[in-house]
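The values are calculated or read from the model by the stated rules, or taken from the named source; none is laboratory data. These figures come from a predicted structure and were not determined experimentally. No Cβ is skipped: glycine too gets one built from the backbone with ideal geometry, and neighbour counts run over all protein chains shown. To get the accessible areas, we keep the full protein, side chains included, count just its heavy atoms, and leave off ligands, DNA and RNA. Shrake-Rupley method; radii C 1.70, N 1.55, O 1.52, S 1.80 Å.
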Amino acid sequence: TGKQAYKTAYEAALKPKNRPSSQYLKNCLLYDTGSTLHIVNQRRFLVDYEPNTGQLGMISTGGGPVRPEGIGTAVFTSSWVVEGRRYSCELCLQQAVYLPKIDVNIFSGIRHYNNGGRLMGQRLVDS
(Lines give C-alpha, C1' and ligand atoms only; values in the text may rest on other atoms or scores of the structure.)
Protein backbone atom coordinates (compact mmCIF):
# COMPACT_ATOMS: atom_id res chain seq x y z
CA THR A 1 0.00 0.00 0.00
CA GLY A 2 3.01 2.28 0.00
CA LYS A 3 3.03 2.69 3.80
CA GLN A 4 6.10 1.43 5.62
CA ALA A 5 5.55 -1.06 8.42
CA TYR A 6 7.44 -0.54 11.68
CA LYS A 7 8.63 -3.33 13.94
CA THR A 8 8.05 -1.41 17.16
CA ALA A 9 6.29 1.70 18.42
CA TYR A 10 9.73 3.05 19.35
CA GLU A 11 10.92 2.71 15.75
CA ALA A 12 7.82 4.53 14.51
CA ALA A 13 8.38 7.32 17.05
CA LEU A 14 11.84 7.93 15.61
CA LYS A 15 10.37 8.95 12.25
CA PRO A 16 10.66 12.75 11.85
CA LYS A 17 6.91 13.34 11.52
CA ASN A 18 6.31 11.54 14.84
CA ARG A 19 8.99 13.30 16.88
CA PRO A 20 7.93 15.86 19.49
CA SER A 21 9.05 19.43 18.84
CA SER A 22 12.34 20.55 20.36
CA GLN A 23 10.47 23.12 22.50
CA TYR A 24 8.22 20.35 23.87
CA LEU A 25 11.27 18.25 24.75
CA LYS A 26 12.95 21.22 26.49
CA ASN A 27 10.15 21.10 29.08
CA CYS A 28 10.18 17.31 29.58
CA LEU A 29 11.89 15.42 32.40
CA LEU A 30 13.35 12.01 31.52
CA TYR A 31 14.02 9.42 34.23
CA ASP A 32 17.38 8.05 33.09
CA THR A 33 18.82 4.97 34.80
CA GLY A 34 22.13 5.49 32.98
CA SER A 35 22.80 9.04 34.15
CA THR A 36 24.81 9.79 37.28
CA LEU A 37 23.76 13.47 37.20
CA HIS A 38 20.52 15.41 37.34
CA ILE A 39 20.67 17.79 34.35
CA VAL A 40 18.45 20.77 33.48
CA ASN A 41 18.37 22.78 30.27
CA GLN A 42 16.55 25.91 31.48
CA ARG A 43 17.72 28.27 34.18
CA ARG A 44 14.10 28.85 35.30
CA PHE A 45 13.99 25.35 36.89
CA LEU A 46 16.86 26.18 39.28
CA VAL A 47 15.84 27.83 42.56
CA ASP A 48 19.31 28.31 44.05
CA TYR A 49 21.60 28.73 41.08
CA GLU A 50 25.37 28.94 41.45
CA PRO A 51 27.30 29.82 38.26
CA ASN A 52 30.27 27.66 37.32
CA THR A 53 33.39 29.65 38.11
CA GLY A 54 35.69 26.66 37.69
CA GLN A 55 34.39 24.46 40.51
CA LEU A 56 32.59 22.14 38.04
CA GLY A 57 34.71 20.13 35.62
CA MET A 58 33.84 18.68 32.24
CA ILE A 59 31.18 15.97 32.08
CA SER A 60 30.59 13.33 29.40
CA THR A 61 27.34 13.35 27.45
CA GLY A 62 26.10 11.50 24.40
CA GLY A 63 27.16 14.55 22.37
CA GLY A 64 30.67 14.65 23.84
CA PRO A 65 32.30 16.41 26.80
CA VAL A 66 30.72 19.66 28.02
CA ARG A 67 31.28 22.08 30.87
CA PRO A 68 28.16 22.85 32.95
CA GLU A 69 27.26 26.53 33.19
CA GLY A 70 26.15 26.12 36.80
CA ILE A 71 24.53 24.00 39.49
CA GLY A 72 21.55 24.23 41.84
CA THR A 73 18.33 22.67 43.05
CA ALA A 74 15.89 22.05 40.21
CA VAL A 75 12.16 22.12 40.93
CA PHE A 76 9.61 20.55 38.60
CA THR A 77 5.86 20.77 39.22
CA SER A 78 3.43 18.24 37.85
CA SER A 79 -0.35 18.59 37.97
CA TRP A 80 -3.25 16.45 36.80
CA VAL A 81 -7.01 16.17 37.15
CA VAL A 82 -8.89 13.01 38.17
CA GLU A 83 -12.69 13.03 38.24
CA GLY A 84 -12.73 16.83 38.41
CA ARG A 85 -10.28 17.03 41.31
CA ARG A 86 -6.92 18.74 40.72
CA TYR A 87 -3.71 17.25 42.12
CA SER A 88 -0.12 18.44 41.97
CA CYS A 89 3.30 17.61 43.31
CA GLU A 90 6.80 19.05 43.24
CA LEU A 91 9.94 17.12 42.46
CA CYS A 92 13.18 18.68 43.75
CA LEU A 93 16.49 17.52 42.32
CA GLN A 94 19.49 18.62 44.39
CA GLN A 95 22.83 19.41 42.76
CA ALA A 96 21.38 19.50 39.24
CA VAL A 97 23.84 20.76 36.64
CA TYR A 98 22.78 23.38 34.13
CA LEU A 99 23.43 22.50 30.47
CA PRO A 100 21.27 24.79 28.31
CA LYS A 101 22.08 22.96 25.05
CA ILE A 102 20.81 19.54 26.15
CA ASP A 103 17.51 18.48 24.52
CA VAL A 104 15.66 17.13 27.55
CA ASN A 105 15.95 17.46 31.34
CA ILE A 106 17.40 14.40 33.08
CA PHE A 107 16.37 12.89 36.42
CA SER A 108 19.23 10.56 37.42
CA GLY A 109 17.86 7.12 38.20
CA ILE A 110 21.25 6.13 39.62
CA ARG A 111 21.19 8.97 42.16
CA HIS A 112 17.58 8.12 43.01
CA TYR A 113 18.47 4.44 43.61
CA ASN A 114 21.63 5.33 45.58
CA ASN A 115 19.53 7.49 47.92
CA GLY A 116 17.07 4.69 48.65
CA GLY A 117 14.47 5.48 45.99
CA ARG A 118 12.99 3.02 43.52
CA LEU A 119 10.42 2.60 40.79
CA MET A 120 7.29 0.56 41.38
CA GLY A 121 5.57 0.18 38.03
CA GLN A 122 5.10 3.77 36.84
CA ARG A 123 5.49 5.29 40.33
CA LEU A 124 8.54 6.89 41.93
CA VAL A 125 9.02 5.79 45.52
CA ASP A 126 11.03 7.87 47.96
CA SER A 127 13.26 6.40 50.66
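Among the protein heavy atoms of the range 51-127, carbon and sulfur supply 49% of the accessible surface, probe 1.4 Å, non-protein parts ignored. 3J(HN,Hα) couplings calculated from phi for the range 27-41 with the Karplus curve 6.51 cos²θ - 1.76 cosθ + 1.60 (θ = phi - 60°) are, in sequence order, 9, 8, 10, 9, 7, 10, 6, x, 9, 8, 10, 7, 9, 10, 10 Hz; Gly and Pro show x.
Phi-derived couplings, Karplus 6.51 cos²θ - 1.76 cosθ + 1.60 at θ = phi - 60°, listed residue by residue for the range 106-111: 10, 9, 6, x, 5, 5 Hz, with x used for Gly and Pro. Label separation (ASP48 vs ARG85): 3.3 nm, computed from points 7 Å beyond Cα along the C-beta direction. Taking amide H as placed 1.01 Å from N in the peptide plane, THR61 has its amide H under 5 Å from the amide H of VAL66, each at least 5 places away in sequence or on another chain.
Backbone amide hydrogens, once placed in the peptide plane, bring HIS38 within less than 5 Å of VAL97, SER108, excluding anything fewer than 5 places away on its chain.
Taking amide hydrogens as placed 1.01 Å from N in the peptide plane, the amide H of LEU30 sits under 5 Å from those of ASN105, ILE106, PHE107, each at least 5 positions away in sequence or on another chain. Whole-Hz Karplus values for the range 64-81 come out as x, x, 9, 9, x, 7, x, 8, x, 9, 8, 10, 10, 10, 10, 9, 7, 10 Hz, taken residue by residue from phi with 6.51 cos²θ - 1.76 cosθ + 1.60 and θ = phi - 60°; glycine and proline positions read x.
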